[in-house]
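First comes the structure, then the notes that go with it.
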Amino acid sequence: MSRPVILVHYHELGLKGHNRSTFERRLIRNIQAALATDGRAYKVSKTSGRILVDSATHAEDLDASEGLALVKRLAQLPGIARVSCGLRVSKDLEAIKQAAERVLGQVDTFDSFKVDARRANTNFPLDSMALNREVGAHLVQCFADKHVQMKAPDVRVRVEIIKNEAFVYSISIRAVGGLPTGSSGTVLCLLSSGLDSPVAAWQMMRRGAQVIGLHFSGAPESPDSSSLLVRQLAQKLAVTGGLRKLVFVHFGGYQRTLSLAIPESLRIIFYRRLMFKVAEQVATALGAKALVTGESLGQVASQTLDNIVAVDAVVSLPVFRPLIGTDKQEIIDRARELGTYAVSSQTTDDCCTLFMPRNPETHARLDDVESLWARLPISVWVDEIKEKLIIEEL
């Protein structure tokens, strides 16, 4: 007898040492959380380097379309390298052949196929090559108009012998990889409505971090439309399970004050220093241990090496820039894959467009910046901003 099953494959977790089980348990919890809204019960279990997902009751076995939808959803969870949909059968050659026939028959169109067997259980009487031949010969008889092709076949029928069971599948989708969200602590990401920072946030989620998004809008000096876009971006990123909260700051009034108090060329640096100071306070209060930005070295005036140094000096928390060596086209391509591109491409007023200098400084001197900074009531402003934070749980 065969039952539909989803196989979750992971790679990097398998390289862990004594704490591997900790990462596996975290990934299982994330899978369970991702499936909790489905309205049906799933059984999630672990077996020899795989995680299995199947219906909790025989009466509600997954059909092919449900299985494919589930595969696509789980493929977006960090920590998963590949997701496959197939059949779980007894460790019996005839049962394996029938399962292989069934999964190949579910493929809409193909001309060539290949059987790829792996035998983790050496007690199985046939080795991998012999199993390939036996199953392949059966499929050739069942699909007389198709042919075996060893290199680049249209379909691969995979057979895995694990413990006392066999898993047979042909549908297999590459997933995002990385580490399970929640396994690497919490960070706070300065999240704009643009292209870069949502991608940076996703990169940190992919490395196992939970993310708190902090958005600085241009309100009250400009409409707060950028906050609406950030909420839409949060929905796109929510599939990873890695975005914990959104925090909103109305920053436009402080930008106006700063624009009147410092040389025009240094405005951007001072805006960002105040943002970082606020971000550090929020991160500390919410348990985040690092700040994250979407900056790429040299992309704009504020992202030159000298200016980065001048901004970073204002905080003691580490600042992660996962996109620092990435060019714009790479960021755009990633945003398209994540589904954030369409939202980020919308034109809106935000704090990045307010009171911008005509000729911004590209090589700020830290001593000059610190001297001007010391004359400003920064701690008063930070306390005022903290009193007016808008925090939304996700």
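Values computed for the structure shown
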item	result
Tally, over the range 274-311, of residues that are assigned to a helix (DSSP H, G or I), touching a Ser or Thr at 6+ places or on another chain (Cβ under 8 Å) and closer than 23 Å to S183 by Cα	2
Residue match in the range 39-49 (condition: outside the structural domain of T240 (by TED's automatic domain parsing), surrounded by 15 or more Cβ atoms within 10 Å (Cβ to Cβ), over 16 Å from S184 (Cβ atoms) and among the hydrophobic types (A, V, I, L, M, F, W, C))	yes
Total residues in the range 65-103, condition over 25 Å from G208 (Cβ atoms) and part of a strand (DSSP E or B)	6
Filtered residues of the range 79-138 (kept if over 19 Å from S2 (Cα atoms), of a type in the set (F, W, Y) and buried (at least 19 other Cβ atoms within 10 Å of the Cβ))	F113
Filtered residues of the range 355-391 (kept if in contact with a strand residue (DSSP E or B) (Cβ under 8 Å, 6 or more places away or on another chain), part of a helix (DSSP H, G or I) and surrounded by fewer than 17 Cβ atoms within 10 Å (Cβ to Cβ))	none
Residues within the range 220-241 that are touching a His at 6+ places or on another chain (Cβ under 8 Å) and outside any loop (DSSP other than H, G, I, E, B), tallied	3
Long-range neighbours under 7 Å by Cβ, at least six apart or interchain, first residue at negative phi within the range 105-132, second small (G, A, S) and in a loop (DSSP other than H, G, I, E, B)	A120/S48
Number of the exception - F216 against (1) outside any helix (DSSP H, G or I); (2) in contact with a strand residue (DSSP E or B) (Cβ under 6 Å, 6 or more places away or on another chain); (3) touching a residue at least 40 places away in the same chain (Cβ under 8 Å); (4) surrounded by fewer than 23 Cβ atoms within 10 Å (Cβ to Cβ)	(4)
Check on V314, surrounded by 17 or more Cβ atoms within 10 Å (Cβ to Cβ), at negative phi and free of Cβ contacts under 8 Å to residues at least 40 places away in the same chain	no
Answer from S225, S265 - the residue that is surrounded by fewer than 22 Cβ atoms within 10 Å (Cβ to Cβ), touching a Pro at 6+ places or on another chain (Cβ under 8 Å) and not aliphatic (A, V, I, L, M)	S265
The one condition in (1) touching a Leu at 6+ places or on another chain (Cβ under 6 Å); (2) buried (at least 24 other Cβ atoms within 10 Å of the Cβ) that A234 fails to fulfil	(2)
Residue in the range 344-354 that is closer than 17 Å to S265 by Cβ, modelled with pLDDT under 95 and part of a loop (DSSP other than H, G, I, E, B) present	yes
The range 268-307, subset touching a strand residue (DSSP E or B) at 6+ places or on another chain (Cβ under 8 Å) and charged (D, E, K, R), residue surrounded by the most Cβ atoms within 10 Å (Cβ to Cβ)	E280
Residue selected from the range 329-366 under the condition under 28 Å from the mean Cα position of the chain (by Cα) and without any contact (Cβ under 8 Å) to a residue 60 or more places away in the chain, by the criterion nearest to Q232 (Cα to Cα)	A342
Residues located in the range 145-172, provided they are outside any strand (DSSP E or B) and among the small types (G, A, S)	A152
Qualifying residue in the range 319-341 (condition: surrounded by fewer than 20 Cβ atoms within 10 Å (Cβ to Cβ) and over 24 Å from R206 (Cβ atoms))	no
Meets criteria (part of a strand (DSSP E or B) and either more than 29 Å from Q235 (Cβ to Cβ) or among the polar types (S, T, N, Q) (or both)) for S21	no
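The values are calculated or read from the model by the stated rules, or taken from the named source; none is laboratory data. None of these values were measured; they are calculated from a predicted model. Positions of Cβ are backbone-derived with ideal geometry, glycine not excepted, and every protein chain shown enters the neighbour counts.
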